[in-house]
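To start, the structure itself, in structure tokens.
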Amino acid sequence: MKLRTKLICTIPGAAVLNLLSPAISIAQSSAQIARSDQGVVVAAQPLAAAAGARMLELGGNAADAAVATAFAISVVEPSMNSIGGRNQILIRTSDGRIAGIDGTTTVPEGYDPNRAPNARHGYATIGVPGSVAGLMRLHSEYGSLPLEVVMAPAIDYARNGFRLLPGEAQRQAGSRTQIAEFEGTRRYYLKADGSSYAAGDLLVQKDMSHVLEAIAHGGRDAFYKGDISDKIAADMDANGGFITQEALDAYTAMDSRIVHGTYRGFELVGSGIPASGSIAIAALQIAENFDRDSMSDEAWATVIGQSIASAFTAYDRPDSDSAAVRVTSKKWARQMARSIRVPEISDSREPASRASTPGQNQTRAMISNGNSSYGSWLPSDQGHTTHLSVADRNDMAIAVTQTIGPSMGSKVATPGLGFLYAVTLGGYLGLSEPGERARSGITPFMVLQEGEPVLVLGAAGGLRIISAVVQTVTRVIDDGLSLPEALAAPRIHPEMSRQQGVFPEEFSGALSVEVGEDHGWASTSLEKFEALGIKISPTPTRGAFGRIHGLQFDRATGTWTGAADPAWEGAAVTPRVSNREN
């Protein structure tokens, strides 16, 4: 493998693309579950997962695969993410070290949140992109293959085109009116007659391929300095945007705040502010105070919902480490657990794990009041964002969450560049001050046992990213499910406006996973929720409860299982190699 890598370094770009072409055939035959001792790549779009798996075949490591996948998915799933967006990267090295990279979009200097337009899309919502800087740092510090090789699949997909999947076509069509407002976006995402591309149509993005080629040859500076940044700054200046050349030049991908916790003896690791790993850890540590085995599935779901709702209320607005320390403490979790009522236990009866239970009114006060309880920074429950998880044969593992905000982000693409920008400003993520990094529900996450990986995961889906991660962890640890089974199991999300209220997942479409069950709460379960006095709002929307794309590691066999969420169009792909190298 090492010899093969050295040979590839000497091959010119066109020949590299020929070497990478098998990625497309891999994607076309991929499934949503894959197992290998050589590593697995899981992503929300098969072509992107295939790009990462090809890097593992070429002798690259998980960092190479993650960078290839992230750039590729910015091309083939543009409604969910972009090189004009933001990312959070969580890394476990082969020797067990944990690190993180914060590629969050920032608020430009000179931006005044009190005077700026309160917009949901358009130039006034665009902050300084961070995705490219985050991926460049991941490659430079952890990768092993040349950048030109790693980015070749993304360039190929943009230059020669790819066939739109039905979900992607639907999301683009849903934003057609807003897309039509902007010259560049019309050029790239609408046909000449103004109609949207349909499922199966070939989408070619020549201008974006040139941007990607420039990054492949020039790295970070090719994007944040020179011709590309000049075009970005000029377009913003001409159309009421706030990004300047100086703001682009000053952008830095920082170290993530790594947060830690435990759940029933397992280690929890996540990315803290401006990401939401602390909230996921807090919710799990609150739920840890209750005995899962003593409850029905419906009662436990309600406890989980209240635990998540309690964790949502915890964050102060200041961007500080002290908030994360408080929220991820066991003492704080025990205090919050006292406010949770188990439906099968009357108000006068206490579970052994709690010293006291405040009355129903106190619980209602804690989790009600709609958006004010969430905090002004928390986004809405829209099904946006993408996540990918990667592991290699040496058990290096990486979780990357990447987004542009709501579907199609700001709906703006600069003419001549081709990529969409994320929504950051205008109130979508709350009021943000100049220089601040936009807070969001992004939650790359890992579960470890004695330092060894157990789960590597993350999700898409706005605020429901957090609830999806929390419930997947409890399904595996408390219910003993495999990761694919956990992803097929139904989920809930707390309804903050009503005490103990939950949104139960009601989707029951056919699954492509091997569990063979409907994906959603059965009608009998919905009746049980109501019999317990739980206020429910069944939600049938496909993919509305977060989409997990994750990995599970079997220490006994050294095998990784990758699973894509059955409510989406993703894939788990393994490299085509035969033996594990020691």
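The values are calculated or read from the model by the stated rules, or taken from the named source; none is laboratory data. Since the structure is predicted, the reported quantities are computational estimates derived from the model, not experimental observations. So basically every Cβ, Gly included, is an ideal-geometry build from the backbone, and we count neighbours across all protein chains shown.
Annotations
- Of all residues in region 167-178 being out of contact with any strand residue (DSSP E or B) (no Cβ under 6 Å at 6 or more places or on another chain) and not basic (Lys, Arg), the one that is nearest to Tyr123 (Cα to Cα): Gln178
- Within region 370-405, the set of residues being over 24 Å from Met136 (Cβ atoms), within 14 Å of the chain's Cα centre (by Cα) and modelled with pLDDT of 50 or more comprises Gln382, Gly383.
- Selection status of Val211, surrounded by 17 or more Cβ atoms within 10 Å (Cβ to Cβ), of a type outside the set (Phe, Trp, Tyr) and modelled with pLDDT of 95 or more: yes
- Residue match in region 191-205 (condition: in contact with a Leu (Cβ under 8 Å, 6 or more places away or on another chain), in contact (Cβ under 8 Å) with a residue 40 or more places away in the chain and not hydrophobic (A, V, I, L, M, F, W, C)): no
- Scanning region 66-87 turns up no residue that is without any contact (Cβ under 8 Å) to a residue 60 or more places away in the chain and under 19 Å from Lys411 (Cβ atoms).
- Residue match in region 254-270 (condition: more than 30 Å from Phe503 (Cα to Cα) and crowded, with 22+ Cβ neighbours inside 10 Å): yes
For every residue, the table says whether it meets (1) surrounded by 20 or more Cβ atoms within 10 Å (Cβ to Cβ); (2) over 18 Å from Ala49 (Cα atoms).
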{"position": "Tyr142", "(1), (2)": "yes, yes"}
{"position": "Pro153", "(1), (2)": "yes, no"}
{"position": "Ala173", "(1), (2)": "no, yes"}
{"position": "Arg187", "(1), (2)": "no, yes"}
{"position": "Lys191", "(1), (2)": "no, yes"}
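- Looking at region 217-307, the helices (runs of 4 or more DSSP H) lying wholly inside it that each contain 1 or more residues that are within 20 Å of Ile466 (Cβ to Cβ) sit at 277-287.
This table checks each residue for (1) of a type outside the set (S, T, N, Q); (2) within 27 Å of Val107 (Cβ to Cβ); (3) touching an Asp or Glu at 6+ places or on another chain (Cβ under 8 Å).
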site: Arg35; (1), (2), (3): yes, no, no
site: Gly39; (1), (2), (3): yes, no, yes
site: Ala49; (1), (2), (3): yes, no, no
site: Ala72; (1), (2), (3): yes, no, no
site: Glu77; (1), (2), (3): yes, yes, yes
site: Gly84; (1), (2), (3): yes, yes, no
site: Gln88; (1), (2), (3): no, yes, yes
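- Within region 392-434, the set of residues being aromatic (Phe, Trp, Tyr), assigned to a loop (DSSP other than H, G, I, E, B) and under 21 Å from Ser209 (Cβ atoms) comprises Phe419 only.
- Residues located in region 226-252, provided they are farther than 26 Å from Asp112 by Cβ and modelled with pLDDT of 95 or more: Asp227, Ile228
- Within region 164-171, the presence of a residue that is crowded, with 20+ Cβ neighbours inside 10 Å and among the polar types (S, T, N, Q) is excluded.
- In region 221-249, the residues that are over 16 Å from Gly84 (Cβ atoms) form Cβ pairs under 8 Å with partners that are basic (Lys, Arg) and exposed (fewer than 15 other Cβ atoms within 10 Å of the Cβ), at six or more places apart or across chains, as follows: Asp249/Lys225.
- If the condition is being part of a loop (DSSP other than H, G, I, E, B) and either more than 30 Å from Gln205 (Cβ to Cβ) or among the basic types (Lys, Arg) (or both), then region 80-115 contributes Thr93, Ser94, Asp95, Gly96, Arg97, Glu109, Gly110, Asp112, Pro113, Asn114, Arg115.
- Complete set of residues in region 254-282 that are aliphatic (A, V, I, L, M) and either in contact with a Cys (Cβ under 7 Å, 6 or more places away or on another chain) or over 22 Å from Ala459 (Cβ atoms) (or both): Met254
- Yes/no for Ala133 being part of a helix (DSSP H, G or I), modelled with pLDDT of 95 or more and either of a type in the set (Val, Ile, Thr) or buried (at least 17 other Cβ atoms within 10 Å of the Cβ) (or both): yes
- Taking region 526-541 as the range and being part of a helix (DSSP H, G or I) and under 15 Å from Val303 (Cβ atoms) as the test, the residues that pass are Lys528, Phe529.
- Here Phe242 clears all of (1) closer than 22 Å to Ala133 by Cβ; (2) hydrophobic (A, V, I, L, M, F, W, C); (3) surrounded by fewer than 23 Cβ atoms within 10 Å (Cβ to Cβ); (4) over 24 Å from the mean Cα position of the chain (by Cα) except the condition numbered (3).
- Of all the listed residues (Ala324, Ala314, Ala355), the sole one being at pLDDT below 90, over 24 Å from Val473 (Cβ atoms) and hydrophobic (A, V, I, L, M, F, W, C) is Ala355.
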